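Asks: Let me give you the structure first, and then I'll get to my questions.
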Amino acid sequence: MTNLATLRSLPSPSLVALALSLSLAVVNPAFAQDTASETASTSSESEGIGDIVVTAQRREQNLQQVPISITAVSGDKLRDLGLTRSTDIIRLTPGVSISSSSGGENAQYSMRGVTQNDYAEIAEGPIAVYVDDSYIPNLQGQNFGFYDMQRVEVLKGPQGILFGRNATGGLVHYIINKPSDRLEGYGQATYGSYDQVRLEGAVGGPISDTLSARVSFLYDRNGAFWKNQAASDIASGAGSSTVEPCCADLGGKRNIAGRLQLEYKPTNDLSIRLMGSINRQRYSTAAYAERPSVAVTNADGVIVDTVFTDKDALGYTPPDIGDREISSDLAKKNVDFSYSNDVNLHIDYDMGSAKLVSVTSYRRFWKKTLFDADASPTNFLNFGSKGRATNWSEELRLQGSTDSLDWSTGIYLLDIKSNFNVGLVGPIGSLFADLFDATDTGIDTVNVAKLHTQSASVFGQVEYKITPTISVTAGLRGIVDKQNFFYGAYAFTNADPYEINTDPADYLYSFGADYSDKRTQHLWAGKLQLQWMPNPDALVYAGINRGTKSGNYNVLLAISSIGDASIPYGDETLLAYEVGTKLTFWDGKARFNAAAYYYDYKNYQAYSSRALTTYVLNKPARNYGVEGSLTVKPVPNLQFDFSGSLLNAKVKDVTVANGLDPQTVRTPFAAKSQASALVSYTLPGAIAQGDLTLSGNYYYTAGFYTNNQNFTNQYVPGYSLWGATVRWQDVSRQWDVTLTANNIFDKRYLVTQVDLTSVCGCTESAYGTPRWLTAAIGYHF
């Protein structure tokens, strides 16, 4: 623990120097342990850990020979651990967490402190997310259920050279199972806590000598796990609401998804694969628990902190969250949704000396989110968002290799059209409607935002071997982004408390003049890195990476006091310095990977929330940290996996309240430390000649702030989660039975908090899922 504390306090240059010296120190004995034969340390998968193949550099490589900080997890492993959502990957990935809004329905990745929590669907996050090489620009669209997944690759640091969309923080790539030349498939049925029923499966194989197909599906639903006591509170006079329908238990969801692939291979050199998918997710209204809060002011009356108290501004005391009880009048099942349709066309043509790759993607997305802004049994104020988006992209890539050179070059085109409505919903009889003298009609203050983004880029990267053990990588991408933006703020009567009304027949008035803007941004990303691989089991790398992310526009609430000048914000630039090492030792039974980094930001896009006003401002920032992972397989059937990270992330020049001097604050959703562990032991032939595998897992994150004000009630305390899995597989390797337990000790842990102290004397808190038990049976052929 002393060493960790020392690392945490190191200044950034010392941190990088220390990591590099450690890497070199560890490599030397690894280099000396077997110089007689490069293959001596390579052992069979049953005895050693086994190779992991990734495509992080757009070609298949052993993960241990890729000079990038990567975590790769197979789809089978995710399924065995009971991790079924896209965002569950954070529990196995050091330095990665989730920034969340809308009660957890809207969840975006935070990587090494690179974070964006803007709920507006016109915003693109700094962590790019891909499914089957197709970019997903919609933030809520990045939260989906796993099925028929080959693996997930998490790449840290700027990845704007080889992947289509520039992203400053990194990327997450979900790689699906493809059609094969033999009949194969699987099916799994799961029953779990809160009446969860989950069915997933796939079947694929050849249709003819040149055509193959694969069909995959997912059905996943569960009942509510938050008990709503609003009805009894209203009946007792503790609350007052006439919202209908009212008071449903919350937390239920339903996910139906399917995927069809056709692959045509007329020759060994040409492959054409068409993929189409649909995804339908339904949720209850977002579940927030109210925590009463009060402002703390200084002698000048300026708010300098907000803290928790016993009662909210209306004198209400919420129920105890330990009993999984909330009290919300705006509560209905299956009202929120996110839908998507995708079509991708992949063409791979091997020309001998080079390979030509084309990836064409088309995607449509719809969403709606509603939640009780005061999270109480009083008809006060609700928040809603509704939007749709269409995007298409084309990547044309040419790549090749020689004995000493690997190269890749290409173009990328992207077109995104987003239409997004967000606003405050005041039903008939609400306190919010009364503020506008609209008690009898209700009022929706709606912000209408439309953004058309057109992006074109040209990229290239080369990796050249200077000597048999030393190579250099250089890459460059030039980007042109064009944006056409419209924004208007209007008032409508509230025709339905569970809808955001934009019907022209119900229009009341506008909040000022409409705003529109057009602009073109010229950006570039670059990479320069040196790699040393003294033998196949050791790699050391060091480099500088310039990442960039285009600017965007704030969708300000209609009642916001911020002027038009604050609507657009600029692009951000990140200079990322990183050193790392990857080592395989102990005859292939142990693997150690580590990296240290320093991030220097210019115009970091800092998301800010002040009561009902949310916006992004460009600010200077810097992050530095270390992360590492260790895998050990001392005997063939026993494996240990450990990972951890330390992070120091700060945003500078932040005005936390009018009247206060600018401050340096902790970056939101950037935990100072994280750790995870997994142990797995297999007993061959233990039951009916079938293998029995026992595994346990652990995840820890330190606390973090959800707002760059860094006020007391904006802090999410750290927490630990424990899980366990028991899996039996029959001797034929076709049947398996899996029992899983996640959050074994039923921990009540926060995932986000929204500070609305100045609005309702309350802070809205979203909690993670309770203890979850599942039993599954699967069949593979």
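Asks: How large are Rg and Dmax for segment 247-334 when only the alpha carbon atoms are used, in Å?
Replies: 25.2, 79
Asks: Any chance you could run the full-extension gain for Ala235 through Leu405? It's 0.36 nm times the residue separation minus the Cα-Cα distance, nm to one decimal.
Replies: Working: separation 170, 0.36 × 170 = 61.20 nm, distance 7.48 nm.
Between Ala235 and Leu405, full extension yields an extra 53.7 nm.
Asks: Let me ask something else. Rank by packing, highest mean first: peptides 461-468, 481-488, with packing defined as the count of other Cβ atoms within 10 Å averaged across residues. Present the calculation step by step, with values, prior to reporting the outcome.
Replies: Numbers: 461-468: 14.4, 481-488: 18.2.
Peptide ranking by packing, descending: 481-488, 461-468.
Asks: Once R0 is set to 25 Å, what does the formula 1/(1 + (r/R0)^6) return for the Cβ-Cβ distance between Leu260 and Val737, expressed as a FRET efficiency to the nearest 0.05? Spell out each step's value before the answer.
Replies: Numbers: r = 29 Å, r/R0 = 1.17.
Taking R0 as 25 Å, the efficiency between Leu260 and Val737 is 0.30.
Asks: Stick to Cα atoms and the Kirkwood definition of Rh, then tell me Rg/Rh for segment 160-291.
Replies: Details: Rg = 22.8 Å, Rh = 19.2 Å.
Radius of gyration over Kirkwood radius for segment 160-291 works out to 1.19.
Asks: Straight-line reach from Lys602: which lysines have a Cα under 26 Å away, not including same-chain ones fewer than 8 places off?
Replies: Straight-line reach from Lys602, under 26 Å: Lys156, Lys482, Lys518, Lys527, Lys549, Lys619, Lys650, Lys652, Lys672.
Asks: If segment 428-574 were replaced by its equivalent ellipsoid, with semi-axes equal to the square roots of 5 times the Cα gyration tensor eigenvalues, what would those be, largest first, whole Å? If you can, show how the numbers build up before the last one.
Replies: Working: eigenvalues 551, 60, 29 Å².
Those come to 52, 17, 12 Å.
Asks: Along the charge dipole of the chain, Cβ charges K/R +1 and D/E -1, which of Thr581, Ala373, Thr168 sits furthest on the positive end?
Replies: Going by the charge dipole, the pick is Thr581.
Asks: Please work out how much length the chain gains when fully extended from Lys602 to Val53, using 0.36 nm per residue of separation minus the C-alpha to C-alpha distance, in nm with one decimal. List each step's numbers first, then the result.
Replies: Values: separation 549, 0.36 × 549 = 197.64 nm, distance 3.50 nm.
Once the chain is fully extended between Lys602 and Val53, it gains 194.1 nm.
Asks: Let me ask another. What is the distance, in nm, between label points placed 7 Å from the Cα along the Cα-to-Cβ direction at Gln663 and at Met351?
Replies: 5.9 nm
Asks: Please give the helix 12-32 orientation as an angle from the longest Cα principal axis of the chain, in degrees from 0 to 90, rounded to the nearest 10.
Replies: The two axes meet at around 30 degrees.
Asks: Related question: Of Ile122, Asn623, Ala438, which is farthest along the charge dipole of the chain in the positive direction, counting Lys and Arg as +1 and Asp and Glu as -1 at C-beta?
Replies: Asn623
Asks: Sketch the reach of a paramagnetic label on Thr502 as a point 7 Å from Cα along Cα-to-Cβ, and name the residues of segment 411-436 whose backbone nitrogen lies under 16 Å away.
Replies: Backbone N within reach: 417-425.
Asks: Any chance you could run the full-extension gain for Arg748 through Tyr715? It's 0.36 nm times the residue separation minus the Cα-Cα distance, nm to one decimal. Working shown, then result.
Replies: Numbers: separation 33, 0.36 × 33 = 11.88 nm, distance 1.50 nm.
Additional length available on full extension: 10.4 nm.
Asks: Let me know the Rg and Dmax you get for the chain when you use only its Cα atoms, in Å.
Replies: Looking at the chain, its Cα Rg and Dmax stand at 26.3, 87 Å.
Asks: Can you sort Glu244, Glu578 by how many other beta carbons sit within 10 Å, fewest first?
Replies: Details: Glu244 12, Glu578 24.
Listing Glu244, Glu578 from fewest to most nearby Cβ atoms yields Glu244, Glu578.
Asks: State, as an integer percentage, the relative contact order of the chain based on alpha-carbon contacts under 8 Å between residues 6 or more apart. Write down the numbers at each step before the final one.
Replies: Numbers: 2315 pairs, mean separation 102.5, N = 781.
Relative contact order, the chain: 13 percent.
Asks: Sticking with this one: Counting pairs of Cα atoms in segment 147-192, how many percent are more than 14 Å apart? The partial results should precede the final answer.
Replies: Details: 662 of 1035 pairs.
In whole percent, the long-distance tail amounts to 64.
Asks: Obtain the radius of gyration and the Kirkwood radius of segment 603-718 from its C-alpha atoms and give Rg over Rh. Could you put the intermediate results ahead of the total?
Replies: Details: Rg = 21.5 Å, Rh = 17.3 Å.
With Rh from the inverse mean 1/r over Cα pairs, Rg/Rh is 1.24.
Asks: So how strong a dipole does the chain carry about its Cα centre when Lys and Arg Cβ are +1 and Asp and Glu Cβ are -1, to the nearest 20 debye?
Replies: Details: 64 positive and 77 negative charges, 243 e Å.
Once rounded to the nearest 20, the dipole reads 1160 debye.
Asks: Taking the alpha-carbon centroid of each part, what is the distance from segment 276-321 to segment 736-761 in angstrom?
Replies: First find each Cα centre; the distance between them is then 14 Å.
Asks: Rank the residues Ser110, Ser550, Ser240 as a footprinting-exposure proxy: fewest other Cβ atoms within 10 Å of their Cβ go first.
Replies: Details: Ser110 28, Ser550 22, Ser240 16.
Fewest-to-most ranking of Ser110, Ser550, Ser240: Ser240, Ser550, Ser110.
Asks: Now for a different question. What is the calculated FRET efficiency for Val635 to Tyr698, with r their C-beta to C-beta distance and R₀ = 22 Å, to the nearest 0.05? Walk me through the numbers before you get to the answer.
Replies: Values: r = 21 Å, r/R0 = 0.97.
With R0 = 22 Å, the Cβ-Cβ based efficiency is 0.55.
Asks: Could you sort the peptides 685-693, 702-710, 166-174, 200-208 by per-residue average Cβ neighbour count (10 Å cutoff), highest mean leading?
Replies: Output ranking for 685-693, 702-710, 166-174, 200-208: 166-174, 702-710, 200-208, 685-693.
Asks: Name the residue farthest towards the positive end of the dipole of segment 273-355 from the options Ser293, Tyr339, Tyr283, assuming +1 on Cβ of Lys and Arg, -1 on Cβ of Asp and Glu, about the Cα centre.
Replies: Towards the positive end, the residue furthest out is Tyr339.
Asks: Given labels modelled 7 Å from the Cα in the Cβ direction, how far is it in nm from Leu683 to Val302?
Replies: Here the answer is 6.6 nm between the modelled labels.
Asks: Run the quick spin-label model on Leu183 and Ala775: label points 7 Å from Cα toward the beta carbon, then report their separation in nm to one decimal.
Replies: Once both label points are built, they end up 3.2 nm from each other.
Each value in this text was obtained by applying a stated rule to the coordinates, not by laboratory testing. All figures in this text were calculated on a predicted structure; none of them were measured in a lab. Glycine gets a Cβ as well: all are built from the backbone with ideal geometry, and neighbour counts include every protein chain shown.
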